[in-house]
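J.: Sharing a structure, written as structure tokens. Questions coming.
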Amino acid sequence: MNHIQVIGSHNSFHLVPQPVLFDGILAVSAELGRDIEYSHRTLTEQLEEFGIRQFELDVFADPDGGLYAHRAANAVVGLPVESGEPALDEPGFKVMHTQDFDYETTCLTLVTCLGEIDAWSSANPNHVPIVVLIELKSLSVPEAAAEEGLILDIDLPWAVPVETTADVLLALDNEVRSVFASERLLEPDDVRGDAATLAEAVEGVGWPLLASARGQVVVVLNDAGAQRDLYIAGTPALEGRPMFTSSTPGAPDAAFIRFDDPTDPGLNAAATAGYLIRTRTDSPTVDARENDTTSRDTAFASGAHFLSTDYYEPSTHFDSPYVVALPGGAVARCNPVTAPASCSPELLTE
């Protein structure tokens, strides 16, 4: 599994806000507007037409339903505040980049998004493993803006997200398992085997052979901070958990490592040690607007297994030829750092 390299999509569900709302966002912050000016195909199209094998989903807990059925910023630009989306009234995790204003998505709920992946996977059981990163969000719009150094002077009834607790994480586990059959979800227990920790397993025995992992899905909790700490509390090597974590080399739960910067000196060392690595090929819209391929080319040459981008096809929002794709339009290729000489590109067509 860790001998290949594939293309992934960043914020895989995201769509640019409606024009009148997007113009309002630009008026508040031109930089924010620039950063969110990208849209994705449906997850099914990404899988089928562009060979995407890694996804990233932002989710918000909504145990009672209805928390995100109202879009506060719409009132400012004359759009309906009520979403009119029945799925948002139901309990369960919702998928969007930022509630209240940057909420357009190709799939409204986590179960729907994962269901798309599961349906395609079931119809194409020989595919290389698909990885899904889940980022659980819990900041209000003013809090998220403050983290970016932006002070909002607009007083609106912003949705207040649910705090991340052990129960919320358990509910997230349950939603993941509700979609994928047990034999098709590759879990930490499957990789750890008889080893004491995941780090010991991947650095020693290694990941499952690609032949045995085809048709399977790997789910990762993307947060490497407080949420990860809460998730591994009581299960330091992810015993019984369905999701891997974004960890650090050598930690008991370490199997998957996120290096956002492909120039990070620790990336190739971690890949060589046996960890699965995700990196980014471009920052939000900037590299693509300038057709700057520096980060992209560095990521291609690295030992990262999942190269995350918003541009598996050129942008439809601005004029640039920038695109991220493996040579020859391949779905996967032999990893330039970790693949052995016996790796055969002819076997990496799905």
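The values are calculated or read from the model by the stated rules, or taken from the named source; none is laboratory data. For clarity, every value in this text was computed on a predicted model and none was experimentally measured. Glycine gets a Cβ as well: all are built from the backbone with ideal geometry, and neighbour counts include every protein chain shown. Only protein heavy atoms, including side chains, enter the accessible area calculation; ligands, DNA and RNA are left aside. Shrake-Rupley method; radii C 1.70, N 1.55, O 1.52, S 1.80 Å.
J.: Quick one: which residues, 5 or more positions from residue 185 or on another chain, have an amide H under 5 Å from its amide H? H modelled 1.01 Å from N in the peptide plane, none for Pro or chain starts.
T.: Amide H to amide H, under 5 Å and 5 or more residues apart or across chains, residue 185 pairs with 217.
J.: Placing +1 at every Lys and Arg Cβ and -1 at every Asp and Glu Cβ, with all other atoms neutral, what dipole size does segment 125-214 have around its Cα centre, in debye to the nearest 20?
T.: 500
J.: Gap in Å between the Cα centre of segment 244-269 and the Cα centre of segment 77-143?
T.: 26
J.: State, to one decimal in nm², a quarter of the convex hull surface area for the C-alpha atoms of segment 53-163, i.e. the direction-averaged projected area.
T.: Its average projected convex-hull area is 8.0 nm².
J.: Could you derive backbone 3J(HN,Hα) for segment 276-291 from the dihedral phi with the Karplus parameters 6.51, -1.76 and 1.60 (θ = phi - 60°), listing whole Hz in sequence and x where the residue is Gly or Pro?
T.: These are the phi-based 3J(HN,Hα) values: 7, 10, 10, 9, 10, 9, 7, 7, x, 6, 5, 4, 5, 4, 8, 6 Hz.
J.: I've got another one for you. For segment 15-114, what is the relative contact order in percent, using Cα pairs closer than 8 Å and at least 6 residues apart in sequence?
T.: 30 percent.
J.: So, one more: Rolling a 1.4 Å sphere over the protein heavy atoms, what is the accessible area per residue of the chain, to the nearest Å²?
T.: For the chain, the solvent-accessible area averages 40 Å² per residue.
J.: Using a 1.4 Å probe on the protein heavy atoms, what percent of the accessible area of the chain belongs to carbon and sulfur? Spell out each step's value before the answer.
T.: Values: 7540 of 14110 Å².
Roughly 53 percent of what the probe reaches on the chain is carbon or sulfur.
J.: Given that compact globular proteins tend to follow 2.2 N^0.38 Å, what is the ratio of the alpha-carbon Rg of the chain to that value?
T.: Numbers: Rg = 19.8 Å, N = 350, 2.2 N^0.38 = 20.4 Å.
Normalised Rg, Cα atoms only: 0.97.
J.: Count neighbours as other Cβ atoms within 10 Å of each site's Cβ, and list the GluC sites (Glu not before Pro) in segment 81-178 that are DSSP loop with at most 11 such neighbours.
T.: Counting only loop positions with at most 11 other Cβ atoms within 10 Å, the GluC sites (Glu not before Pro) in segment 81-178 are 148, 163.
J.: Ok, one more. Along the charge dipole of segment 125-184, Cβ charges K/R +1 and D/E -1, which of 159, 133, 149 sits furthest on the positive end?
T.: 133
J.: Please identify every one of the chymotrypsin sites (Phe, Trp or Tyr not before Pro) in segment 307-350 that sits in a loop by DSSP and has no more than 13 other beta carbons within 10 Å of its own beta carbon.
T.: For chymotrypsin sites (Phe, Trp or Tyr not before Pro) across segment 307-350 that sit outside H, G, I, E and B with at most 13 neighbouring Cβ atoms in 10 Å, the list reads 318.
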